[in-house]
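Report on the structure given below.
Every read-out reported here was derived from the displayed coordinates using simple, explicitly stated rules and does not represent laboratory data. Computed from a prediction, not measured in an experiment: that's the story for all the values here. Cβ placement follows ideal geometry from the backbone for every residue including glycine, while neighbour counts extend to all protein chains displayed.
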Amino acid sequence: MIFKKKIKAVTHNGFFHADDVFSAALLLIVLGENISFTRTRDEKIIADADYAFDVGGVYDSTKNRFDHHQTGGAGKRENGIPYAAFGLFWKQCGEKMCGSLGVAEKIEKKLVMPIDANDVGVDIVKSIYPEISAYTVNDIVSSFRPSWKEDDDTMDARFMEAVKWAKEILSREIKKAKDAEEAQIFVEKAYQQASDKRLIILSRKYPWGDTLRKHPEPLFVVQENTIDNTWRAYAVSKDKNTFENRKNFPANWAGKRDAELASITGVSDAKFCHNGLFLAVAKSKEGALKLADIALKS
């Protein structure tokens with residue numbers, strides 16, 4: 001049996017963050033499991049590594065060095081967010097991993113940039129409520145670190161636990177982004193063929209938000225929910241970062257269900273309307289279409 005020499009990858013020791021955790025996860029996806037990770041700041045070990053990331057003070061992709069802590073950093077994106085290690089890795093291999101620039105850019109915006117921004121101290125989210133902040137991927141990663149009452153000797157083991165989790169998250173995000181890109185074709189076709197472009201009917205559970213929000217007309221979307229064999233009518237939100245809809249379902253539907261909702265709407269198989277007025281459910285496609293039509297006319 002021929003044994004392959006393990007690839008030696010090095011990052012810093014001590015506390016780990018989303019940047020180095022996701023960088024390690026990305027390496028595992030790109031290179032496979034034949035990697036040994038060492039967490040150290042020993043310059044001799046770093047120099048001997050096949051890959052060094054988030055440590056070493058050098059950014060040189062031709063030599064597999066991906067640090068951003070050196071004087072002047074490792075560059076910024078056009079929007080001003082500096083690169084951290086994860087972003088440097090992604091810049092090199094993201095498009096190849098994803099199979100298209102479009103998918104790679106979606107992952108960059110959704111996951112890579114937020115992680116880099118947090119690591120370099122750039123605020124991209126403003127808190128609305130005092131003393132309440134969003135629970136982010138960075139918070140999840142930090143939860144893997146030992147608390148003050150736990151043994152710091154477990155830090156490396158917990159780093160690898162976090163990397164295993166991050167690998168699954170990154171793999172799933174790539175998969176879903178690829179599938180979403182394919183779905184855009186079908187959603188756009190449904191929009192183009194719709195006789196009333198305020199109401200879009202989809203034959204499958206395609207993700208539709210990004211595609212339909214590019215057009216000014218769509219207000220509601222109807223599609224089947226195969227999990228519970230119902231049909232759902234959704235209100236189109238004004239943008240992906242808000243719960244505010246282009247048009248709500250009627251206010252007197254809020255929270256109503258079954259017979260009460262059927263009585264109010266006149267739709268015999270009406271099942272439920274969300275308090276947020278962004279979702280109305282019926283047993284049949286015809287029922288969901290009737291709910292959407294009433295909302296359009298309200």
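A few points about this structure:
- With a simple spin-label model that places each label point 7 Å from the Cα along the Cα-to-Cβ direction, the separation between Ser127 and Arg77 comes to 2.4 nm.
- For Glu105 and Ser268, a Förster radius of 35 Å and the Cβ-Cβ distance give a FRET efficiency of 0.15, rounded to the nearest 0.05.
- Principal-axis tilt of helix 85-98 within the chain, Cα atoms, nearest 10 degrees: 60 degrees
- Its Cα gyration tensor gives segment 194-297 an equivalent ellipsoid; the semi-axes, largest first and in whole Å, are 21, 15, 12.
- Simple rule: put +1 on each Lys or Arg Cβ and -1 on each Asp or Glu Cβ in segment 194-297, find the dipole, and look at Thr230, Trp208, Ala262; the Cα lying farthest toward the positive end is Trp208.
- Each pair of Cα atoms in segment 30-179 enters the Kirkwood radius, and Stokes-Einstein at 4 °C and 1.567 mPa s then converts it into a translational diffusion coefficient of 76 µm²/s.
- Positive-pole candidate from Ala282, Asn34, Met113, dipole of the chain, charges at beta carbon: Ala282
- Restricting the GluC sites (Glu not before Pro) of segment 108-187 to loop positions (DSSP other than H, G, I, E, B) with no more than 13 neighbouring Cβ atoms within 10 Å leaves Glu131, Glu150.
- Cross-linked pairs Lys189/Lys290; Lys197/Lys297; Lys247/Lys297; Lys5/Lys164: Cα-Cα separations exceed 19 Å for Lys189/Lys290; Lys5/Lys164.
- Per residue, the convex hull spanned by the Cα atoms of the chain amounts to 200 cubic angstrom.
- Cross-link pairs beyond the 21 Å C-alpha cut-off, checked among Lys178/Lys240; Lys176/Lys283; Lys8/Lys63; Lys76/Lys106; Lys106/Lys214; Lys91/Lys178: Lys176/Lys283
- Within straight-line reach of Lys44, meaning a Cα separation under 18 Å, sit the following aspartates and glutamates at least 8 residues removed in sequence or on another chain: Asp54, Asp60, Asp67.
- Charge-dipole axis of the chain as Lys and Arg at +1 and Asp and Glu at -1 on Cβ define it, positive-most pick from Trp165, Thr242, Pro146: Thr242
- Taking every DSSP helix (H) stretch of at least 4 residues in the chain, weighting each as -39,500 (n - 2.57) and dividing the sum by the residue count yields a mean residue ellipticity at 222 nm of -12500 deg cm²/dmol.
- Sparse-neighbourhood loop sites, chymotrypsin sites (Phe, Trp or Tyr not before Pro) in segment 242-289 - DSSP loop, at most 10 other Cβ within 10 angstrom: Phe243
- In a reduced charge model with +1 at each Lys and Arg Cβ and -1 at each Asp and Glu Cβ, the chain shows a dipole moment near 1040 debye about its Cα centre.
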